[in-house]
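The values are calculated or read from the model by the stated rules, or taken from the named source; none is laboratory data. A quick note: this is a predicted structure, and the numbers were derived from the prediction, not measured. Cβ placement follows ideal geometry from the backbone for every residue including glycine, while neighbour counts extend to all protein chains displayed. Note: accessible area is taken over every heavy atom of the protein model, side chains too, but ligands, DNA and RNA are not part of it. Shrake-Rupley method; radii C 1.70, N 1.55, O 1.52, S 1.80 Å.
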Amino acid sequence: MSQPSGQFGTFCDTPLWDLDLTWHGSWPQFTECFQSTILVWVPCGWLWVSAPFYTWYLAHLPRPTHRRRPCSWLLTLKLICLSLTIVLSSVSCFNVISNKVPDIDDMVTAEVFAPLLLTVTLCLATAFTVAERRKRLVTSGVQFVFWLLLSVCSLIVLYTDIQLKVYDSDVFSFSIFSIQYSLYLVELLLHCFPEKPMETSTTDKQQSPEIAASFPSRLTFWWLNPIMSQGYREPLTEEDMPDLHPRDKCQTVVPKFMYYWMKALAFWKTRQTLVHTVSFAGPVPVVSSVNTSPADNEQASLLRNGIIHNGNGYEKRTAKETASGPSLSWILFQTFWREFLLSQIWKVFSDILAMCSPLILGELVDYVMDPDSENWNGYVLAVGLFISTILQSLLYHQVFHLSTTLGLRLRASIISAVFRKSLTMDNLARKESTVGEVVNLMSVDAERIESCISYMWAVWSSPLQIILSLYLLYQYIGVSMFAGAAFLVLLIPTNGYITAKLGNYQTKLMEHKDDRMKVMNEVLSGIKIIKLFAWEKSFETRILDIREKELQTLRISAIINSVLTFSWTAAPFVVSLLTFLCYVFIADNHYLDPKTAFVAISLFDILRYAINFAPMIVTDLLKAFISARRIGRFLCHDDLDKYSVSHVAGTENIIDIRNASFRWSSETSQTLTNINMVIGEDSLVAVVGAVGSGKSSLISAILGDMEKLSGTVNVRGSIAYVPQQAWIQNNSVRNNILFGKLMDKELYNRCIDACALRPDLDMLSAGDRTEIGERGINLSGGQKQRVSLARALYAQADVYLLDDPLSAVDSHVGQHIFDYVIGHSGMLEGKVRVLVTHGIQYLAHTDQIVVMTEGRISESGHYDELLSHNGVFARLIRAFLFEGDDGEDTDNEELQELKQEVLRRLSETEEEGDGDLQIVLPSVHRQVPNICSPHTHDYVEIPKVETVGKMMLRQVSQQSALIEEEIVELGNVKFSIYRQYMQAVGYFYVFLIFFLYALYTAANMGALIFLSAWTDDPDLGNFTKWPSNSSSRRNTNDYYVGMYGFFGLLQTIFIIGFSLLESLRTIHASRLLHGLMLSRVLHAPMSFFDTTPVGRIINRFSKDIDDVDNEIPMTFLMWLDCMFAVASTIIIISYSTPLFLAFLLPVAGVYYFIQKYYIATSRQLKRLGSKTRSPIFSHFSETLAGASVVRAFNAENWFVAESDAKVDTNQIFMFINYSANRWLGFRLESVGNMIILLAATIAVAMRDSISGGIMGLSVTFALQITENLNWLVMLTSDMETQIVSVERIMEYTTIDMEASWENTLYQSPIDWPSQGHVQVEALSLRYRDGLDLVLKAVSFEVQPGEKVGIVGRTGAGKSSLTLALFRLVEPVGGRILIDNIDISMLGLHDLRSKVTILPQDPIIFAGTLKENLDPFGEHTEDALWRALEHAHLRKFVEGLSDRLDHECGEGGENLSVGQRQLLCLGRALLRKTQILILDEATAAVDMETDELIQETIRQEFKNCTILTIAHRLNTVMDYNRILVLEKGEVREFDSPQTLLKKPNGVFYGLAKAAGLV
């Protein structure tokens, strides 16, 4: 018998604890001392210990900004109840003093102290209640726990009083306490309801329901019930979602993170600069700048850019030459350490409670084996086990919830930081980090860090669980535990080495993934060119080669993972085997009893979970650290120096550049040298020069987009910028023009008219609300440029930088824009305008002309002044006039006379040197009718080749949106998706995978059943029959140990086979799915790319493929483990206690209902999450492409806010999805805990008919089911939600396809087309079923070697005809014959590889010049050089250090637009087919180069048939014939001279509008 313990002397009249009284009695009676101390001190102690922290928390809550809200009914009831409890507690105190304290010296007793402490504590609770309301706190966890503890502790006192019939001996005290207890319960109930929260939503959405939830609701995720219910009734939509919790929004978390990051980055750069400076021998001069203050010393300059100036030139450390920068992981911890620690602390208590279960199990086994124990003992132990597990579930899911929401905050911070960085990084950083790579950072890497945070607690929790488990094992089995521990110690370095290798392969894997996404992004950006040149196979091979490297790395990682899986699975079993082996040989009685065995097994299960989870989290942690390092490296890239261009107000000149030199990056040579340019107010300055002379670079230098080496640059006032290649957003026309500014209707209309956009908008039913596709895909080049110009015009800036905006429009439209926008009588009158142009006709109307030659300003002055010198400018003028002397203007005699006069004067200038030559050239170029007013629509633009999307847009008259809404599947994932994935894995292999794991599970069950039989062996338990040292006992133990080990060996064999097979076959499936999707996308028609954002496609190849590569195999493995574990648990419990089967059906029903209720919502949330993820990356890609425009307009904050809004939208679905996982987890664990309670209760009830071994076996497995049930449904949901990635991939394997690339049954002759004879017979074309015809029975014939111009007004069908020639759209009637072969019979590559097009938009891919010229490697190097020579690029390429191996950069960013166009000409020259189609390919080059290109085409293609889509009529005036289209029909087809003789003809009208007649 145990003796009473815990004497308090005079403070208590009775012992604190009496085990005989409490545990061995007929009912659980606690001593009076225990009731007056522990049961009062616990709840009161909780409130007092929490008080300092809670007070600090309340003090730091923001004060409400609005007026005080009237007292709520909830607060009133709380205060009334509190007042009554304080009064009753005071009465109880006085009652004890008056009745039980005869002397003042006897007042210091537990009976007096208890009500006194309670009274003071209740006063503290009252103060907290008032403070909470003043701070508008919705609910209080501290107070709820206090009232819960007080209610539970007081219940014990009440129960004891009732058992002792205190109501007979002391009616007053019992009545007072009963009323008090009732008030405690009322207070507890009141704290289950929340106060009404303040409105926090800044959008139209309902605020987050978590804000308005009470503490119990937050603990049990009850607040999610309405969303779960709605998701169960009908599929959720974006409109159903509430707003994001304010704590998780970008506007809350990002500024905090950016503060710490920028602070750390500045410190790191300062340190790096000091180290570099110390190691640098020689003086370091200060960089001069117009706005450099005395404080702007050398170190400050170095800090801004990480640069060093020395006597020999200029150096800059590249990203690869520097350290990796401050640790992003540490900065994230610095930013969120409070939230991180709060999310982790609850896991400590959860782990401690987890250790209670095996201990209670041991007591239950003792109870069954002890016939003298009281019946109620068993039920109390069963209930205690249930309470332990339910509390563990509550804490565990709070840990998860806090961790996942913290992960979301980290993800938002990273994505936003990367987005911000992309707007400011310099050119070298842009070169090193392509769009595809950065998208990977924002998608894969950011999400890896986020998911790692969710399980970060395992880093310390697993070691803690291992230590506690080993300690408890030592308590039960003594030194035998060290045998298993030694094996674990040996395993740790082995796993560490394997994990490190895995980390290395993960780094390689991400590099390959970056390379693949880089090429994929380029392919999607230039898909039209790829199709026109039949290059799909080449790029497909490039992508698949990179993919094969990626899969090879993945395969090696999978094999390493298989070794880890073996070690995770085998380790716990080997530990138990070694431990039991040592125990039966070391123990004095050589007997393994049930309690020892099954407590040890339960502890081994905890150990197994910890051992299994630790390497997984270490692997994830390695991936996260690698990702953090990659992101950190990107964020450490140098920014554009914002101080390189100063913006000092009050200066005399608007633009002032003095002795400035620039380059693009430290890896390039000096681009601009010794630039001096001063521009005053109200000036129109033209910048002219040959291709590559530095015109666009000069504009970039003024914008601050180049690296300044020396000199000063100052720009006074705001800037508007129109780039040479128009940057258009995927938005409406109106929003593209407004660009984030408020609508000023009058100004807006003036901008529309001045930019000649009114006719274009009138053609669209939705007008300016019509959506423009990605990259302006559904607008012509001229339309895009005019929208870009309208955007700048609407900005009403002080300085306008116009980089050749008139090259993409017709001459008459260009003149209109010059007159009404740019010129001295235009809307920009009074502004400073810097105009880069190749249009000589505008130069006479400028105030100053700057002539660029090889990166220097060779001449500068007024038009007349420069013309009077025989300089570079005079040569440009001469080239222009000679080009115009091709006969196209022969009908205009006056114009010819004026040209001859100018040429005569130029000749005189050549002979006489500099002279005073006054030539007024405007009259030459203005022999056109007066340009119509902005409100008339007589001018006509002849646009470039229209895309499929543009034509479709015109036809779908009632729709304003071109980009289709992404399809989100509804309801269950179709079984066909699972079947397709299984088919990709292989049906036989799927069966074999399941079979091997079933065998592993059977071996595991057999081992535990065998263990039960071992411990229940009656002979081993009979020491009389078999003494401790008997040989029979030793032989029997040897048999059991050997068989137990044999089962372990079987488990090892089966799990290794399963792991290898599952890993390798899922990789095979991943390769197959990626290949199918890639092939189908490359076979897709152009209409697919016109209506599908690149980000949406990229998301499939990035996140969805990553899911198939990594997430689905891992989830499947865990799902299979849980499924078989649950099945084995049910089998074992039913085998142990058959009565359990009676409860199995209702429990299974509840389980089934919960998982069905959950999966419907979770599946849809995952789908919507995937859908809302794509716009983040689409917006990013789009913004990065237009970063210069965004910076020029100072619109960075607007774009950042838009990106943050898209991130927040996506975070809503991720937050609700994660919360739904917790909602499910708690409910399923509650079901599991009920199974534990049932198993334990049934075993207690059947104590007389079951053995200790069976009891241990049953409860041991029951303890596992809680976790396994939860994981099974979560993993089932995860499988279904992750299989959505397969669904999304399969969706892209069923998109419509073009015709076959090759037709083996019908191939063209090798030399086809040998003549270039084109016949179009009754050709009819529509873009989609149900749409109108865009070509209507078009018929014409082009003779071999003929030059034909194709003209017509917008929408006439010119582009459609081109698309039909290349079969980008298939005809619905008629046919096209080339050299008497019907092209519809040929394979697409057979056709497209033998017809050449020179497009207007020069598309260049990342890679070398050689790869861009000849992707297939079909030509010799000599042929490449000849092509470059004829394309007038040889001199440029020979001057490059890498020559043909020179990297073009992403999108050809290392080349000027003119050089890109010349490179495209080189491609055409290499192919040199008999038919050439031109799409005004010389708009972006100067007149001299234009003449060279035209001469090249005349010489190299002199025997070829040429079809030219006329953008400017003068380019086709010398052609043999002109094909005039109108409304999809042929109106005229004859020589230009003949057509001009028909004053009522369509062509005559076009020529007149263009000023040619």
- Message: Can you tally the net charge around residue 377? Count Lys and Arg as +1, Asp and Glu as -1, for every other residue whose Cβ sits under 10 Å from the Cβ of residue 377.
- Response: -4
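Take the alpha carbon atoms of region 1317-1433, find their radius of gyration, then divide it by 2.2 N^0.38 Å using N residues; give the quotient. If you can, show how the numbers build up before the last one.
Values: Rg = 17.2 Å, N = 117, 2.2 N^0.38 = 13.4 Å.
For region 1317-1433, the normalised Cα radius of gyration is 1.28.
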- Query: So for the pair residue 338, residue 167, with labels modelled 7 Å out along Cα→Cβ, what separation do we get in nm?
  - Reply: 5.0
- Note on the structure: Taking a crude spin-label model, label points 7 Å out from Cα along the C-beta direction, the residue 1311 to residue 761 distance in nm is 5.7
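So what's the net charge close to residue 462: Lys and Arg +1, Asp and Glu -1, counting the other residues with Cβ under 12 Å from its Cβ?
Details: positive: 347, 608; negative: 351.
Result for the local shell: +1.
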- Task: May I ask you to list the lysines whose Cα is less than 27 Å away from that of residue 165, ignoring any residue fewer than eight positions away on the same chain?
- Result: 100
- Query: Quick one: which of 40-52, 1459-1471 comes out on top by average Cβ neighbours within 10 Å, and what's the full order, highest first?
  - Reply: 1459-1471, 40-52
- Picking from 381, 504, 597, whose Cα lies most toward the positive end of the charge dipole for the chain (charges on Cβ: Lys, Arg +1; Asp, Glu -1)? 381
- If you find the alpha carbon centre of region 331-385 and of region 1384-1457, how far apart are they in angstrom? 70
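Place the peptides 217-223, 1346-1352 in order of packing, highest mean first, counting for every residue the other Cβ atoms within 10 Å and averaging per peptide.
Working: 217-223: 18.9, 1346-1352: 23.4.
So the peptides 217-223, 1346-1352, ranked by packing, come out 1346-1352, 217-223.
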- Query: For the pair residue 862 and residue 1197, what calculated FRET efficiency results from E = 1/(1 + (r/R0)^6), where r is the Cβ-Cβ distance and R0 = 35 Å, to the nearest 0.05?
  - Reply: 0.30
- How much length, in nm to one decimal, is gained on full extension between residue 1442 and residue 718, taken as 0.36 nm per residue of separation minus their Cα-Cα distance? 256.6 nm
- What pairs from 745/831; 135/196; 421/508 go past 18 Å between their alpha carbons? 745/831; 421/508
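Please report the net charge: other residues with Cβ closer than 9 Å to the Cβ of residue 1286, K and R +1, D and E -1.
Working: positive: 1288; negative: 1104, 1107, 1287.
Net charge around residue 1286: -2.
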- With a 28 Å threshold on alpha-carbon distance, the violating pairs from 1347/1394; 269/513; 695/1472; 595/1156 are 269/513; 695/1472; 595/1156
- Note on the structure: In deg cm²/dmol, rounded to the nearest 500, the helical mean residue ellipticity at 222 nm of the chain, built from -39500 (n - 2.57) for every DSSP H run of length 4 or more, is -19500 deg cm²/dmol
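For the chain, what does the accessible surface come to per residue with a 1.4 Å probe? Please give it in Å². Please list the in-between numbers first.
Numbers: 60490 Å² over 1557 residues.
Dividing the accessible area of the chain by its residue count gives 39 Å².
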- lysines near residue 1541 by alpha-carbon distance under 17 Å, same-chain residues fewer than 8 away left out - which ones? 1552
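Beta carbons within 10 angstrom, averaged per residue: use that to sort the peptides 661-668, 752-759, highest first.
Working: 661-668: 19.5, 752-759: 22.0.
Going by the mean number of other Cβ atoms within 10 Å, highest first, we get 752-759, 661-668.
Take the alpha carbon gyration tensor of the chain, find the square roots of its eigenvalues, order them as a ≥ b ≥ c, and report rounded if a/c is under 1.5; if not, report prolate when a/b exceeds b/c, else oblate.
On the way: a/c = 2.59, a/b = 2.02, b/c = 1.28.
Prolate, since a/c reaches 1.5 and a/b exceeds b/c.
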- Angle, helix 1252-1292 long axis vs. longest principal axis of the chain, Cα atoms, 0 to 90°, nearest 10? 10
- Item | Cα gyration tensor category, rounded, prolate or oblate, for region 1024-1073 with a/c compared to 1.5 | prolate
- Item | Those lysines that a straight Cα-Cα span of less than 21 Å connects to residue 1336, excepting residues fewer than 8 apart in one chain | 944, 950, 1358, 1527
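If you roll a 1.4 Å probe over the chain with all protein chains in place, what percent of the accessible area is carbon or sulfur?
Details: 35270 of 60490 Å².
It is 58 percent, rounded to a whole number.
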